[in-house]
1. Between A94 and D110, what is the label-to-label distance in nm when each label sits 7 Å out along the Cα-to-Cβ direction?
2. Taking 0.36 nm per residue of separation and subtracting the Cα-Cα distance, what length does fully extending L156 through R134 add?
3. What FRET efficiency would be calculated for the residue pair K10, A178, taking the C-beta separation as r and a Förster radius of 41 Å, to the nearest 0.05?
4. May I ask you to order 114-124, 68-78, 167-177 by the average number of other C-beta atoms within 10 Å around their residues, highest value first?
5. Once you have the alpha carbon radius of gyration of the stretch 98-187, what is it after dividing by 2.2 N^0.38 Å, with N set to its residue count?
6. Per-residue ellipticity at 222 nm for the chain, helices alone: DSSP H runs ≥ 4 residues times -39500 (n - 2.57), over residue total, nearest 500 deg cm²/dmol?
7. Go from 0 up to the bin containing the longest alpha carbon distance in the stretch 58-103, width 10 Å each, and give me the % of pairs per bin.
8. Could you tell me the distance between the Cα centroids of the stretch 16-92 and the stretch 179-213, to the nearest Å?
Amino acid sequence: MAILDPVRPKVLAARFIPSAPPDLARAYGLQPHHTSLALVTADQDDALYVALDEATKQAPVDVVFGQSFYAGSNHASGPLSGEALGIIAGVSPADVREGLAACVRCLDEDACFYVGDASGKLVFFPHVVHAIGRYLAAESGLPEGSPLGYLIAPPLEAVIGLDAALKAADVRLVKSFAPPTPTNFAGGYVTEELEQVEAAAVAFAEAVVEVGRAPRVI
């Protein structure tokens with residue numbers, strides 16, 4: 001693969017629970033109207049979180065669970081575990097199916113990691129969400145509809161990339177993910193006007209690629 005080639009996520013499993021039993025609902029802290037569930041796993045956690053947010057914009061569903069697994073998809077607990085599990089919930093199976101379809105479309109067509117070095121081993125996530133839904137609004141503390149730069153990379157590259165993003169554009173860092181994280185990546189959310197968020201994502205990507213090209217600068 002070449003530098004900046006997309007690395008598309010894979011949906012590993014997707015299943016429905018049309019009517020969640022009360023004990024299961026209590027175990028996952030569901031609200032009374034969360035009667036139907038859809039569960040999905042993928043081999044890219046951050047892409048999945050963006051896709052779960054997309055589900056909340058396209059269907060009357062809520063994200064009731066989203067969690068990354070330790071050490072990432074290369075060390076998954078099973079062939080269908082991937083890097084994260086997401087669960088969406090709604091009033092009806094039809095609503096949940098609509099949300100899951102939107103989630104899968106986003107993974108197939110939009111959110112993904114990119115290659116950052118000639119070996120193809122360095123991958124990173126310089127994603128821009130033009131208008132966040134309910135899930136990423138709750139995660140970021142921003143109003144729904146805000147632009148969001150979702151900037152993730154391995155630990156050193158993430159720090160260098162965020163430094164470049166914050167200096168290149170008029171954006172602010174609203175949430176950071178310092179290492180160690182479950183997957184041992186790092187990064188953060190930035191926001192402001194969409195044009196500035198896009199400029200920040202470009203600067204982040206350029207900085208990560210530059211680290212991949214010249215790791216040691218002394």
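Values quoted throughout were computed directly from the atomic coordinates according to the rules given, and no laboratory measurement underlies them. Given the structure is predicted, the values throughout are model-derived calculations rather than measurements. Positions of Cβ are backbone-derived with ideal geometry, glycine not excepted, and every protein chain shown enters the neighbour counts.
1. 2.4
2. On the way: separation 22, 0.36 × 22 = 7.92 nm, distance 3.05 nm.
Here the segment from L156 to R134 would lengthen by 4.9 nm.
3. Working: r = 28 Å, r/R0 = 0.68.
With R0 = 41 Å, the Cβ-Cβ based efficiency is 0.90.
4. On the way: 114-124: 18.5, 68-78: 14.3, 167-177: 16.2.
The most tightly packed comes first, giving 114-124, 167-177, 68-78.
5. On the way: Rg = 14.1 Å, N = 90, 2.2 N^0.38 = 12.2 Å.
Against the compact-globule rule of thumb, the ratio is 1.16.
6. Numbers: 6 runs with 78 residues, N = 218.
That comes out to -11500 deg cm²/dmol.
7. 28, 37, 29, 6
8. Cα centroid to Cα centroid, the span is 25 Å.
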